[in-house]
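The values are calculated or read from the model by the stated rules, or taken from the named source; none is laboratory data. What you are looking at is a predicted structure, and each value in this text was computed from that prediction instead of being measured. Glycine also receives a Cβ, built like all others from the backbone with ideal geometry; neighbour counts cover every protein chain displayed. The protein model used for the area step is the full one, side chains on, heavy atoms only, and it has no ligands, DNA or RNA in it. Shrake-Rupley method; radii C 1.70, N 1.55, O 1.52, S 1.80 Å.
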Amino acid sequence: MAKTSRKSSTRQMADSGQAKIGFIGAGKMAQAIIQGLVKYGRVDAQRIHVAAPSNTNVEHLKEEYKGIKTSKRNIDIFGRFDCDIIFICVNPHVIRNLYRIGGSQPAALTTNYIPNMRHPAYVLSLVFGFTTEQIKQCLLNPEDPLKYSVKFHRCVISPSVAYGVGNCYLDVEPDSTNLAEPVRDILSRVCKLEQLTADMMDICCIIAGAGMAFSLEFLKAMSDGGVKLGMARNNATKLTAKMISSVAQTLISSGKNSDFLKDEACSPSGGAVYGLMQLEKSKVHSSICGAVDAAFQRANHMATSGNTD
Ligand SMILES: NC(=O)c1ccc[n+]([C@@H]2O[C@H](COP(=O)([O-])OP(=O)(O)OC[C@H]3O[C@@H](n4cnc5c(N)ncnc54)[C@H](OP(=O)(O)O)[C@@H]3O)[C@@H](O)[C@H]2O)c1
């Protein structure tokens, strides 16, 4: 069993203007959140700390955000850097392999269990396929669980967090006392916060995460159609983006269902219904459902097998 790191910190939780923010994993999601926080969320890069095993992603982060602190040792996020708010941004196979090698208890993600942090710390896990309880087991010493003041949340954050306009789904009511003020403040600088039950997080991870790529594929195809008919590319792209944005707003604010709104957009024997029949012939509906399912199955494979093949 992994040992607990001996160092401990007894300071108070820092407020949101001071809190140290840590990332375990430095890939796409960590980078999107860091970009959002630094460029749109008024967070100084010096408050950001990142751990990842290689330089693949970390080098880019160090160049882009002067003052960011990095390490190859995950334990440094809790020990040496003593972070207050920690995002777990590793792929699901990394956690599955801790369970595979650990025997009755998973091995620690941080090699040694994290120090007995006395100041409140908040771990936000983005990892597909694992509950907060499972993530907790990969960090806290099971012989001493009461010594910690660490609270765990599962969350899904949409990749548009990178531009300060993300959505963040949390396993707690964001406006309640169940979410610590500094965590709420940091997240809401770059995301709209919403509660989602823990059992829906994996599906949400696919819709909010992969869904961005799928939506952009649709946007590109609509814009191609406009270009084919003679519109300049940037006009066609902007127009399509505004159309998609207003459709989404209409759906959300009207509360109407999508079939009703689709009917409203189709006049009898008009162009829209002919276009819809073309989509039907090309099986666009089932292709998109299939894409959501394929993305889910892929993530689930990594979470359950521990393989990336
Ligand atoms: N909307 C959402 O909330 C959302 C969307 C997509 C994904 N996710 C979830 O977010 C997580 C990260 O996804 P991603 O797209 O950012 O993945 P990614 O781009 O593949 O990045 C994974 C990162 O994990 C690092 N890593 C690998 N093994 C590690 C270890 N033992 N300890 C610490 N770091 C380790 C990698 O290090 P190197 O830099 O050295 O390679 C890399 O930086 C996944 O669990 C995924 O399910 C959430």
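Here are some notes:
- Once the Cβ-Cβ distance of Tyr274 and Asp185 is raised to the sixth power relative to R0 = 45 Å, the FRET efficiency obtained is 0.35.
- Built amide H within the under 5 Å cut-off of Asn141, gap 5+: Ile114
- Each 5 Å bin from zero up to the one holding the largest Cα-Cα distance in region 204-305 carries the following percent of pairs: 2, 10, 14, 20, 23, 15, 8, 4, 2, 1, 0.
- Within the accessible area of the chain (1.4 Å probe), percent carbon and sulfur: 54
- Using alpha carbons only: equivalent-ellipsoid semi-axes of region 92-159, gyration tensor based, whole Å: 19, 17, 8
- For the chain, a crude dipole built from +1 on the beta carbon of Lys and Arg and -1 on the beta carbon of Asp and Glu, taken about the Cα centre, is about 940 debye to the nearest 20.
- Relative contact order of region 204-305, taken over Cα pairs closer than 8 Å and 6 or more residues apart, is 29 percent.
- Computed over protein heavy atoms with a 1.4 Å probe, the accessible surface of region 21-196 works out to 41 Å² per residue.
- Pairs of lysines in region 21-196 whose Cα atoms sit within less than 25 Å of one another amount to 21, provided the residues are eight or more positions apart or on different chains.
- Of the complete DSSP H runs in the chain, none spans 30 angstrom or more by Cα along the long axis with a mean Kyte-Doolittle score not below 1.6.
- Computed per residue of the chain from DSSP H runs no shorter than four, each worth -39500 (n - 2.57), the mean residue ellipticity at 222 nm is -12500 deg cm²/dmol.
- Protection-proxy order for peptides 226-236, 211-221, each taking the mean of Cβ atoms within 10 Å per residue, highest first: 211-221, 226-236
- Ordering 102-108, 140-146, 90-96 by mean Cβ neighbour count within 10 Å, with the highest value first, yields 90-96, 102-108, 140-146.
- The packing ranking of peptides 300-306, 270-276, highest mean first, is 300-306, 270-276, where packing means the average number of other beta carbon atoms within 10 angstrom of each residue.
- In the elastic network of the chain, a GNM with C-alpha springs shorter than 10 Å, the most mobile of Glu173, Glu181, Glu280 is Glu280.
- P(r) tail fraction, region 11-164 - alpha-carbon pairs more than 23 Å apart, %: 32
- Spin-label pair Glu217/Asp144, simplified geometry with 7 Å Cα→Cβ offset, distance in nm: 4.9
- Calculated P(r) of the chain - Cα pairs past 36 Å, %: 26
- Were the residues from Thr304 through Gln46 laid out at 0.36 nm apart, the gain over their Cα-Cα distance would be 89.2 nm.
- Classified by the C-alpha gyration tensor, region 164-219 has an oblate form. Its axis ratio a/c, with a ≥ b ≥ c, is 1.5 or above, and a/b does not exceed b/c.
- Inter-label distance for Gln195 and Arg73, nm, one decimal - labels placed 7 Å from Cα along Cα-to-Cβ: 4.0
- Added length on full extension, which subtracts the Cα-Cα distance from 0.36 nm per residue, Lys62 to Ile288: 77.6 nm
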